[in-house]
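Peer 1: My questions all concern the structure below.
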Amino acid sequence: MAKDFDTPRNDGIIDNLEELNTRSTSKSTLAIDMDESEAAEGLELPGADLSGEELVIQVLPQLDNEFVCTVCFLVHHRSQLAEASSAPVCRDCDV
Ligand SMILES: [Zn+2]
């Protein structure tokens, strides 16, 4: 007789747990799917295909009176060189 009372109770609890698990799983799966689609959209930039583009600006080699800053990697004139540092650092980066 006790089994007759216990069995439907247990089934009810298990059903609820399974339902909760199913809901949480489907929710998390939905969230992951949304993130992936958003990430894919972020990667697909319109007009990002630059294979046909040509470099328009003229690239000049570093001049004798210029240096490349070891911090910001920008080319500066010698007048912008911070004298205190051993490595070439521009005055903007020399703090
Ligand atoms: Zn710099």
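Peer 1: Looking only at segment 70-85, count every residue that is surrounded by 12 or more Cβ atoms within 10 Å (Cβ to Cβ) and assigned to a helix (DSSP H, G or I) and tell me the total.
Peer 2: Total satisfying the criteria: 1.
Peer 1: Test Asp64 against the criterion of being charged (D, E, K, R), modelled with pLDDT of 85 or more, more than 16 Å from the ligand (Cβ to nearest atom) and open to solvent by 90 Å² or more (accessible area, probe 1.4 Å), and give yes or no.
Peer 2: Yes; evaluated as a whole, the condition is true for this residue.
Peer 1: Out of the residues in segment 86-95 that are among the aliphatic types (A, V, I, L, M) and within 20 Å of Leu63 (Cα to Cα), state the one that is least open to solvent (accessible area, probe 1.4 Å).
Peer 2: If we take residues in segment 86-95 being among the aliphatic types (A, V, I, L, M) and within 20 Å of Leu63 (Cα to Cα), then Val89 is least open to solvent (accessible area, probe 1.4 Å).
The values are calculated or read from the model by the stated rules, or taken from the named source; none is laboratory data. Bear in mind that the values here come from a model prediction, so they are computed numbers and not experimental data. Note that we place each Cβ from the backbone using ideal geometry, even for glycine, and neighbour counts take in every protein chain shown. Side chains included, ligands, DNA and RNA excluded: accessible areas come from the protein's heavy atoms. Shrake-Rupley method; radii C 1.70, N 1.55, O 1.52, S 1.80 Å.
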